[in-house]
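See below for the structure under consideration.
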Amino acid sequence: MVTVTGAVGSLTHYVTVTFIVQDFTVTASPTSVTVNAGATGTSTITVTAINGFAGTVTVTQTSTPAGLTCNSISPPSVTGSGTAALSCSSTTASTYTVTITATSGSTTHTAPITITVTAPSVSTVGCGHDLSCSVKSNSTLSNVKFAGNTIHFEATGSPGTLGYASVTVPKSNIPNINELHVFVDNSKLGSSSVTITSDSADYFIYFTFSFHSPVEIDIQLTNIENAPTLILGVDPTLFYEMVGALAVIVIVAAALVYRRSRKPRGQVAKSTGS
């Protein structure tokens, strides 16, 4: 508000002029995002009009260092006040800075976002016959185990975001690849949702899922009827190896006891006459 005063001698007049400066602000929420490598982090961009601003604001982004992939902001512009969404991901662990730039005419405002990408989780589990299977994921892995013919693990991540798992299994553990099935929260994934590749020694099983807390995942390596029958909850091969080792221990212990129980033959004392 500006007051303009005019005076001539003792005569004074004034007028008040109100200037309304229209503008807008831009903010991001959250301003700090942490995701595992390969996962997608999101932030909501909010443009807020000031003093009745009704212009069109174009919203763009740039990021440093190289290695972060961001989708185009959607929508790319808002009129007056509004929101837009940004999603970014990277397979390289690092801390990235994203700068949001909102422009209308000659007016520009910016908002920063920090995106931290962490290395994927890797867990290894014994899967019988002295072999190991591994699980790599953009989630936090827990309760990783192998029982019978199934690899089980739980995956935890930001609810609503996309998770993935890449599981490496020795070929000898999968007699027939067509009998392998992946279950997410007890629902079997269709073959089109599971990508299986291989080299000379291993199969590599890749699939995605939506995070909640936690996601239960089971990878059935063979059909149940073809799985080995467990003996006292142990794989038969391992069971018989344990029995063989135990038998050796028993035999050695029995031999030691027998040797210690044998008394040396004593000499017969000769009596002497008086």
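The values are calculated or read from the model by the stated rules, or taken from the named source; none is laboratory data. Just so it is clear, the model here is predicted, and its values are computed rather than measured. Neighbour counts are summed over all protein chains in view; Cβ atoms, including those assigned to glycine, are modelled from backbone coordinates with ideal geometry.
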For THR91, are the conditions met, namely being touching a Pro at 6+ places or on another chain (Cβ under 9 Å) and assigned by TED's automatic domain parsing to the domain that holds GLY41? yes
Residue identified as of a type in the set (Ser, Thr, Tyr), under 24 Å from THR208 (Cα atoms), modelled with pLDDT of 90 or more and in contact with a strand residue (DSSP E or B) (Cβ under 9 Å, 6 or more places away or on another chain) among SER29, SER43: SER43
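Listed residues VAL117, VAL144, VAL122, VAL98; which is within 13 Å of ILE45 (Cα to Cα) and either outside any loop (DSSP other than H, G, I, E, B) or touching a strand residue (DSSP E or B) at 6+ places or on another chain (Cβ under 7 Å) (or both)?
Details: VAL117 fails: within 13 Å of ILE45 (Cα to Cα); VAL144 fails: within 13 Å of ILE45 (Cα to Cα); VAL122 fails: within 13 Å of ILE45 (Cα to Cα).
Result of the check over VAL117, VAL144, VAL122, VAL98: VAL98.
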Might you let me know whether region 162-177 holds any residue that is surrounded by fewer than 14 Cβ atoms within 10 Å (Cβ to Cβ) and free of Cβ contacts under 8 Å to residues at least 24 places away in the same chain? no
Which one of the conditions (1) surrounded by 11 or more Cβ atoms within 10 Å (Cβ to Cβ); (2) over 24 Å from ASN138 (Cα atoms); (3) touching a Gly at 6+ places or on another chain (Cβ under 9 Å) does HIS13 fail to meet, given that it meets all the rest? (1)
